[in-house]
Amino acid sequence: MKAYQPIVGEIVRKAGAKSVLDLPSGHGWLRAQLPDTSVSIDGIDLYEAKPEGYRNFLNHDLDLAWPGSLAQYDAVVSCEGLEHISSPGLFFSSARDHLNPGGTLVITTPNTWHMASRLKYLTRGFFPGFPSLAGKIKKGSHMHIMPWSWPHLYLHLSLAGFEQIELYPCFGDDRTSIIDRAFASILRSNPKKKARKASTEEERRYWEIAASDASMLSRRLVVSAKKPA
């Protein structure tokens, strides 16, 4: 089990969602996290077949507009998919359009603010898992093409009209080295300073999250956001 999976399941359960869209759905691990049969899960994936226990399923490229035949959902879950998508604005607006008022969007993706990720970018110019794709570009494949951090996700979710954007700690069995913590302690001083000087509660909360271990030391981002009710 991946470290983010039980966290995602808990977010959806706490939201009280009874209808969920899972994309890309993969092999359908979300069903095991939501065993209540009163919760209906639909799936979308470009490569996989309909997972067991899912209500409806579509093969579809998430870089394209979502099918108009999709219903409205209490929750939309997208785990380990956003880094493959070249049109995040379309993705987030589509998620918003297919959520019920007050519905929850849950995203997981690699965290490029992780200390080791920053160091690799500094020395090589590429984040871990996001190599140069020169000569290997193939549209619709499993390429990692869009790196994300807490500020990037917050920006795109806000632009798409989402509110109550939250970041959850996700460490699992990851070991955080003394060097990672030392670098993080230096780098978190700036967002802490900005949090103290924030003029609104929203701005203060944003910078506090930016300075958190979840933002700087976790290899995986787990973020939720709400469609306004």
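With just the Cα atoms defining each centre, how far is the stretch 1-53 from the stretch 60-99? Give it in Å.
The stretch 1-53 and the stretch 60-99 have Cα centres spaced 15 Å from each other.
With viscosity set to 0.890 mPa s and temperature to 25 °C, compute the Stokes-Einstein D of the stretch 1-128, Rh being the Kirkwood radius across alpha carbon pairs; µm²/s, no decimals. Could the numbers behind the result be given before it?
Numbers: Rh = 15.4 Å.
Using the Kirkwood radius from Cα pairs, D works out to 159 µm²/s.
Report the calculated FRET efficiency for LYS194 and MET1 (r = Cβ-Cβ distance, R0 = 45 Å), to the nearest 0.05. Mind dumping the intermediate values first?
On the way: r = 36 Å, r/R0 = 0.80.
Calculated transfer efficiency: 0.80.
Can you work out ³J(HN,Hα) from phi for every residue in the stretch 16-29, in order, using Karplus 6.51 cos²θ - 1.76 cosθ + 1.60 and θ = phi - 60°, giving whole Hz and x for Gly and Pro?
x, 5, 10, 9, 9, 10, 10, 8, x, 7, x, 8, x, 4
Once amide H atoms are placed 1.01 Å from N in the peptide plane, what residues at a sequence separation of 5 or more from ARG220, or on another chain, have their amide H within under 5 Å of its amide H?
ASN111
Between exposed chymotrypsin sites (Phe, Trp or Tyr not before Pro) in the chain, where DSSP calls loop and at most 15 other Cβ atoms lie within 10 Å, what's the longest gap? Could you put the intermediate results ahead of the total?
Numbers: sites that count: TYR47, PHE126, PHE171.
The answer is 48-125.
Using the Cα centre of the stretch 21-149 as the reference point, and only Cβ charges (+1 on K/R, -1 on D/E), how large is the resulting charge dipole? Debye, rounded to the nearest 20.
Details: 10 positive and 12 negative charges, 128 e Å.
Charge dipole, the stretch 21-149, about its Cα centre: 620 debye, nearest 20.
For the stretch 194-199, just list the computed ³J(HN,Hα) in residue order, Karplus coefficients 6.51, -1.76 and 1.60, θ = phi - 60°, integers in Hz, with x standing in for Gly and Pro.
5, 5, 5, 9, 4, 9
Once the dipole of the chain is set up with Lys and Arg at +1 and Asp and Glu at -1 on Cβ about the Cα centre, which of PHE162, SER199, PHE92 lies farthest towards its positive end?
SER199
Share of antiparallel DSSP beta bridges in the chain, in percent to the nearest 5? Each step should come with its number before you reach the end.
On the way: 11 of 27 bridges.
Of all bridge pairs located within the chain, approximately 40 percent are antiparallel.
Using only the Cα atoms of the stretch 26-91, build the gyration tensor, take square roots of its eigenvalues as a ≥ b ≥ c, and label the shape rounded, prolate or oblate: rounded if a/c is under 1.5, else prolate if a/b is larger than b/c, else oblate.
Values: a/c = 1.76, a/b = 1.58, b/c = 1.11.
Prolate, because a/c is 1.5 or more and a/b exceeds b/c.
For the chain, take the longest principal axis of its alpha carbons; what is the angle in degrees between that and the long axis of helix 201-210, to the nearest 10 within 0 to 90?
With rounding to tens, the tilt is 80 degrees.
In deg cm²/dmol and to the nearest 500, what is the mean residue ellipticity at 222 nm of the chain if only DSSP H runs of at least 4 residues count, each as -39500 (n - 2.57), divided by the residue total?
Details: 9 runs with 79 residues, N = 229.
About -9500 deg cm²/dmol.
Could you pull out every residue, at least 5 positions away or on a different chain, whose amide H is within less than 5 Å of the one on LEU99? Hs are placed 1.01 Å off N in the peptide plane, and Pro or chain starts have none.
TYR73
Let me check the size of the stretch 57-215 from its C-alpha atoms; what are the radius of gyration and Dmax in Å?
Over the stretch 57-215's Cα set, Rg and Dmax evaluate to 17.4, 51 Å.
Would you grab the residues whose amide H sits under 5 Å from the one on PHE57? Only those 5+ places off in sequence or on another chain, please, with H modelled 1.01 Å from N.
Here GLY43 satisfy the definition.
With springs only between Cα atoms under 10 Å, which of VAL39, VAL12, VAL77 fluctuates most in a Gaussian network model of the chain?
It is VAL39.
Can you tell which of GLY135, GLY43, GLY103 shows the greatest fluctuation in a Gaussian network model of the chain with Cα springs below 10 Å?
The residue with the greatest mean-square fluctuation here is GLY135.
Tell me, what is the FRET efficiency for SER177 and HIS27 to the nearest 0.05, using R0 = 35 angstrom and their Cβ-Cβ distance as r? Working shown, then result.
On the way: r = 32 Å, r/R0 = 0.92.
Efficiency, rounded to the nearest 0.05: 0.60.
When only DSSP loop residues count, what GluC sites (Glu not before Pro) in the stretch 14-120 have their Cβ near at most 10 other Cβ atoms within 10 Å? Spell out each step's value before the answer.
Working: sites: GLU48, GLU52, GLU80, GLU83; in loops: GLU48, GLU52, GLU80.
Hits after loop and neighbour filter: GLU52.
Using a Cα-Cα cut-off of under 12 Å, which aspartates and glutamates could be cross-linked to LYS227, ignoring same-chain neighbours fewer than 8 residues away?
ASP74, ASP97, GLU163
Cα centroids of the stretch 176-200 and the stretch 100-173: how far apart, whole angstrom?
20 Å
Laboratory data are not the source of any read-out in this text; all were calculated from the coordinates shown. Source: prediction; values computed, not measured. Every residue, glycine among them, receives a Cβ derived from its backbone with ideal geometry; neighbour counts consider all protein chains shown.
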